[in-house]
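Trainee: Got a structure for you, questions after.
The values are calculated or read from the model by the stated rules, or taken from the named source; none is laboratory data. Everything numeric here is computed off the predicted structure, so don't read it as measured data. Note that each Cβ is placed from the backbone with ideal geometry, even for glycine, and that neighbours are counted across all protein chains shown.
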Amino acid sequence: MAKDKKQQKYGAEQIQILKGLEAVRKRPAMYIGSTDVYGLHHCIYEIVDNSIDEALAGFCTKIKITIHKDGSLSVEDNGRGIPVEKHKQTGKSTLETAMTNLHTGGKFEKGAYKVSGGLHGVGMKCTNALSEWMESEVYKDGKIYKQRYERGIPKYDVKVIGKLDDPEKTGTRQTFKPDDQIFSTTEFNYEIILKRIRQQAYLTGGLTFVLKDEQNDREHTLFFENGVKSYVKYLTRNERTISDVFHVQNESDDVWVEVAFRYTDDLQEKIMSFANNINNPEGGTHLTGFKIALTKAINDFARETQILKEKDGKLTGEDVREGLTAIINVRLSDPQFEGQTKIKLNNPEAQSAVRNVLYEALKEFFSESPSQAKAIISKTLLAARARKAAKAAREAVVRKGALEGASLPGKLADCSSKDPAKSEIYIVEGDSAGGSAKQGRDRNTQAILPLSGKPINSEKYRLDRVLKNDKLKELVIALGCGVGDTLDLSKLRYHRIIIMNDADVDGEHITTLVLTLFFRHLKPIIDQGYLYIAQPPLFKITIGKQKHWIIDEVERAAFLAKLSEEQRARAKIQRYKGLGEMNPEQLWETTMNPENRILKKVTVEDAEEADRVFDMLMGSEVPPRRKFIQTYARQAELDY
């Protein structure tokens with residue numbers, strides 16, 4: 001160790017100064033989160049957020065986003081336009097300064113913007129730095145100003161390129177083409193952008209968004225006068241509702257607060273929190289204020305009306321949030337976020353503002369709408385009883401799982417390794433496939449748990465009912481980490497959990513049921529990247545002595561297309577209806593051998609969309625599911 005230290009130089013020559021936007025190009029993920037599809041679209045949002053800040057300041061009423069045929073994208077607004085006069089500190093145009101100097105912008109001083117999403121003066125500079133080229137056009141003073149950049153470097157000084165037809169017109173148009181040297185993909189996804197701007201249109205009532213795709217000739221215009229109240233109606237459009245939409249907007253301690261929510265008969269809570277229109281997926285102080293106010297207001301009213309007795313104790317936050325769909329949006333002058341991607345709000349004044357505004361409004365709402373209040377409280381009391389039952393069921397599972405050896409499920413063929421990082425468990429459909437898997441596995445690192453029949457649907461039932469289902473209870477015990485709010489990942493016995501089912505309709509149904517359990521009650525396992533789906537082959541193609549394992553119909557067609565006429569005539573195609581048809585050696589070779597197998601890692605990139613899809617496909621409401629099936633039936637590969 002000492003020798004290594006002596007050989008390492010650390011002097012002035014080791015200190016590197018990155019000029020301009022070089023730091024962004026060198027470490028793009030530090031600024032935009034990643035260089036995949038997520039990071040690519042984050043570049044759009046940095047520009048759109050600037051236009052939204054103009055709207056929040058009262059100077060912009062329309063934002064237009066266009067995907068162009070050459071793969072570039074433009075964002076145009078009718079705000080005030082970025083200043084173009086010479087900046088006293090840099091000696092260059094303010095536009096060039098704003099586009100090329102990190103930590104410069106109009107958000108640092110309170111004069112330009114009372115509230116904004118930008119904090120660090122980094123946003124659109126990241127987009128500029130990570131673009132093959134970018135062009136800025138500013139409309140003001142009856143003129144059109146322009147500057148072009150290539151990988152963040154200006155190609156010429158800001159110049160006037162023409163006069164405006166309307167001398168009163170103002171605004172900014174930013175056009176950029178993402179750099180394929182940086183991003184793994186440079187193709188914009190219309191649906192991803194549409195979802196984001198729909199959300200922003202809801203959050204900024206009265207602001208018009210236009211999204212246009214010149215490549216595929218499609219366009220959407222979005223405008224919602226009622227803001228987040230409309231958003232909650234949209235999110236609960238396919239739910240069986242218990243209450244009307246509650247809505248309040250007010251100001252407290254210089255923090256503007258808007259909250260809307262509605263109760264449904266769903267078992268899940270869906271709460272989204274925003275600060276200055278920026279989504280904070282990990283919540284923060286505004287979410288904490290919301291939870292405190294909601295829990296206190298419902299408990300106070302339930303006590304005052306004698307619906308809740310002393311012997312019942314207090315309703316918990318978990319009780320009052322079951323079936324709740326809520327939007328919290330605050331606007332404040334100096335937001336403090338965690339990281340450039342703003343995942344969490346830290347301002348303490350946001351907590352007190354939301355708590356005060358919401359609590360007072362709820363007291364008034366409950367007193368003026370007693371029937372709505374009683375319906376909500378009845379829902380929370382039912383949730384409280386179910387919580388107590390679920391707690392008992394969880395504790396029973398934990399107690400049983402805490403024992404060694406004999407406490408593990410009888411059908412579990414465990415691996416000999418006790419190191420979770422080296423251990424994996426296959427959740428297999430049926431005893432037949434389980435038998436082949438047990439014989440073909442690597443006993444040192446691979447455990448096998450067969451599930452006979454279809455497990456209960458975790459979307460339709462509370463956790464206490466789910467854990468009464470032997471199949472799912474055995475799975476939870478085998479994993480060893482608990483379930484729900486008792487889940488402790490440090491106790492997880494396997495760091496690769498692999499769902500392995502037949503490649504037919506029944507197998508896919510069982511996979512979906514198991515996925516539903518993980519998404520609703522074991523989600524930290526998904527978040528940590530421990531859940532996978534095996535890809536067993538559907539076909540074996542034999543040509544002479546050569547065997548080729550084929551995953552699906554698409555791969556089979558592609559494989560056969562590459563063969564000569566003579567090879568196609570000799571090819572013998574065997575279709576496997578289930579894993580049980582494979583002998584142990586075949587199952588190991590195709591699906592379990594780490595050197596050959598194909599595993600799909602389960603991830604959740606869009607929690608809101610994932611929640612909607614699970615609710616639609618696995619929930620109790622039939623019409624949305626029927627509509628989905630009718631829409632996509634022709635695209636499905638049906639197994640007759």
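Trainee: Take the conditions of a type in the set (Val, Ile, Thr), more than 26 Å from Asp141 (Cα to Cα) and in contact with an Asp or Glu (Cβ under 7 Å, 6 or more places away or on another chain) and apply them to Ile32. Does it pass?
Mentor: Answer is no for this residue.
Trainee: For the stretch 585-598, how many residues meet the condition of being surrounded by 17 or more Cβ atoms within 10 Å (Cβ to Cβ) and either touching a helix residue (DSSP H, G or I) at 6+ places or on another chain (Cβ under 6 Å) or of a type in the set (A, V, I, L, M) (or both)?
Mentor: 4
Trainee: Give me the residue from the stretch 462-482 that is in contact (Cβ under 8 Å) with a residue 40 or more places away in the chain and under 19 Å from Arg385 (Cβ atoms) and, out of that set, farthest from the chain's Cα centre (by Cα).
Mentor: So in the stretch 462-482, the residues in contact (Cβ under 8 Å) with a residue 40 or more places away in the chain come out as 462-464, 466-468, 472-482.
Within this subset, residues satisfying the condition of being under 19 Å from Arg385 (Cβ atoms) are 462-464, 466-468.
Values: Arg462: 24, Leu463: 24, Asp464: 27, Val466: 25, Leu467: 27, Lys468: 31 Å.
Per the stated criteria, the residue is Lys468.
Trainee: In addition: Consider Ile192 against the criteria (1) within 26 Å of Gln215 (Cβ to Cβ); (2) among the aliphatic types (A, V, I, L, M); (3) in contact with a Leu (Cβ under 7 Å, 6 or more places away or on another chain): it satisfies all of them except one. Which criterion is unmet?
Mentor: Failed condition: (3).
Trainee: Can I ask one more? Being part of a loop (DSSP other than H, G, I, E, B) and under 19 Å from the mean Cα position of the chain (by Cα) is the filter here, so list the residues in the stretch 186-201 that pass it. Break it down stepwise before answering.
Mentor: Of the stretch 186-201, the ones part of a loop (DSSP other than H, G, I, E, B) are 186-189.
Hits for the stretch 186-201 are Phe188, Asn189.
Trainee: Check the stretch 83-91 and report whether any residue there is part of a helix (DSSP H, G or I) and of a type outside the set (Val, Ile, Thr).
Mentor: No, the stretch 83-91 contains no residue that is part of a helix (DSSP H, G or I) and of a type outside the set (Val, Ile, Thr).
Trainee: Within the bounds of the stretch 331-346, is there any residue that is small (Gly, Ala, Ser), part of a loop (DSSP other than H, G, I, E, B) and buried (at least 23 other Cβ atoms within 10 Å of the Cβ)? Before you say what the answer is, go through the steps one by one.
Mentor: Step one: filter the stretch 331-346 for residues small (Gly, Ala, Ser), giving 333, 339.
Those still in the list that are part of a loop (DSSP other than H, G, I, E, B) too: 333, 339.
Checking which are buried (at least 23 other Cβ atoms within 10 Å of the Cβ) leaves us with none.
Within the stretch 331-346 (the criterion being small (Gly, Ala, Ser), part of a loop (DSSP other than H, G, I, E, B) and buried (at least 23 other Cβ atoms within 10 Å of the Cβ)), the answer is no, since none of the residues qualifies.
Trainee: Of Val210, Val245, Val232, which residue is without any contact (Cβ under 8 Å) to a residue 40 or more places away in the chain, surrounded by 15 or more Cβ atoms within 10 Å (Cβ to Cβ) and touching a Lys or Arg at 6+ places or on another chain (Cβ under 9 Å)? Talk me through it step by step, then tell me what you get.
Mentor: Values: Val210 fails: without any contact (Cβ under 8 Å) to a residue 40 or more places away in the chain; Val232 fails: without any contact (Cβ under 8 Å) to a residue 40 or more places away in the chain.
Only one candidate passes the filter, namely Val245.
Trainee: Out of (1) under 23 Å from Glu54 (Cβ atoms); (2) touching a residue at least 40 places away in the same chain (Cβ under 8 Å); (3) not in a helix (DSSP H, G or I), what's the single condition that is false for Leu267?
Mentor: Just one mismatch for Leu267, condition (1).
Trainee: Looking at Val232, Val138, Val158 in this structure, which one is of a type outside the set (S, T, N, Q) and under 26 Å from Arg262 (Cα atoms)? Outline the logic, then answer.
Mentor: On the way: Val138 fails: under 26 Å from Arg262 (Cα atoms); Val158 fails: under 26 Å from Arg262 (Cα atoms).
The conditions single out Val232.
Trainee: Check the stretch 301-314 and report whether any residue there is of a type outside the set (A, V, I, L, M) and touching an Asp or Glu at 6+ places or on another chain (Cβ under 8 Å). Show your work before the answer.
Mentor: Filtering the stretch 301-314 for residues of a type outside the set (A, V, I, L, M) gives 301, 303-306, 309-314.
Then keep just the ones that are touching an Asp or Glu at 6+ places or on another chain (Cβ under 8 Å); that gives none.
Scanning the stretch 301-314, I find no residue that is of a type outside the set (A, V, I, L, M) and touching an Asp or Glu at 6+ places or on another chain (Cβ under 8 Å), so the answer is no.
Trainee: Test Arg597 against the criterion of being within 35 Å of the chain's Cα centre (by Cα), closer than 30 Å to Leu324 by Cα and either of a type in the set (Lys, Arg) or modelled with pLDDT of 90 or more (or both), and give yes or no.
Mentor: Answer is no for this residue.
Trainee: Within the stretch 120-172, how many residues are hydrophobic (A, V, I, L, M, F, W, C), touching a Lys or Arg at 6+ places or on another chain (Cβ under 6 Å) and either in the same structural domain as Asp334 (by TED's automatic domain parsing) or over 13 Å from Thr100 (Cβ atoms) (or both)? If you could, list the steps in order and put the result at the bottom.
Mentor: Initial filter on the stretch 120-172 (hydrophobic (A, V, I, L, M, F, W, C)): 122, 124, 126, 129-130, 133-134, 138, 144, 153, 158, 160-161, 164.
Restricting the remaining residues to those that are touching a Lys or Arg at 6+ places or on another chain (Cβ under 6 Å) gives 129, 133, 160-161.
Narrowing further to those that are either in the same structural domain as Asp334 (by TED's automatic domain parsing) or over 13 Å from Thr100 (Cβ atoms) (or both): 133, 160-161.
The number of residues fulfilling the criteria is 3.
Trainee: Just to be sure, is Gly118 surrounded by 20 or more Cβ atoms within 10 Å (Cβ to Cβ), at positive phi and at pLDDT below 95?
Mentor: Numbers: surrounded by 20 or more Cβ atoms within 10 Å (Cβ to Cβ): yes; at positive phi: no; at pLDDT below 95: yes.
Criteria not met by Gly118.
Trainee: For the stretch 60-82: of the residues being of a type in the set (Lys, Arg) and in a loop (DSSP other than H, G, I, E, B), which is nearest to Asn216 (Cα to Cα)?
Mentor: Lys69
Trainee: What's the total number of residues in the stretch 361-376 that are in a helix (DSSP H, G or I) and more than 24 Å from Ser252 (Cα to Cα)?
Mentor: Of the residues in the stretch 361-376, 7 are in a helix (DSSP H, G or I) and more than 24 Å from Ser252 (Cα to Cα).
Trainee: Let me ask another. State which residue is farthest from Phe519 (Cα to Cα) when the search covers only the stretch 436-490 and only residues that are assigned to a helix (DSSP H, G or I) and polar (S, T, N, Q).
Mentor: This residue is Gln439.
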